[in-house]
Amino acid sequence: MGLLAKFFSKDRKLQIDFCEKNLDRFVTADHFPEYEAFFNQKNIEYKEYQCQSKCKECKLSPYAIVNGEFIAADDAGKLLDKLKQLQKG
């Protein structure tokens, strides 16, 4: 793929970082199939960290850091919806 094609690709590459404790707190088994399908897409890269030093936010709601930007939601389903919207651009 040429350099320009990478810049103008229709698929936005997302690097998503999670706190393991936050996931354990807010993501239930009911959410696993949807999250798994989302993470298996080719333009999604994700990593789980033991802690991201965002303890105050971590206790309040599910969150992720997407391409360096903090994203939070009221529940795990809404967080996934936000991640999907970011993917679409």
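Values quoted throughout were computed directly from the atomic coordinates according to the rules given, and no laboratory measurement underlies them. Here the structure is a predicted model, which means the values were calculated and not measured. Please note: Cβ atoms are built from the backbone with ideal geometry, for glycine as well, and neighbour counts cover all protein chains shown.
Would you check which residues across the stretch 47-89 are under 19 Å from K13 (Cβ atoms), among the small types (G, A, S) and surrounded by fewer than 13 Cβ atoms within 10 Å (Cβ to Cβ) and list them? G68, G89, listed by residue number. Within the set of pairs 6+ apart or on separate chains, which have a first residue in the stretch 28-45 that is loosely packed, with under 15 Cβ neighbours inside 10 Å, a second that is of a type outside the set (D, E, K, R) and part of a helix (DSSP H, G or I), and C-beta atoms under 9 Å apart? Correct list of pairs: T28/A76; D30/A76; D30/G77; Q41/Q87; N43/Q87; E45/F39.
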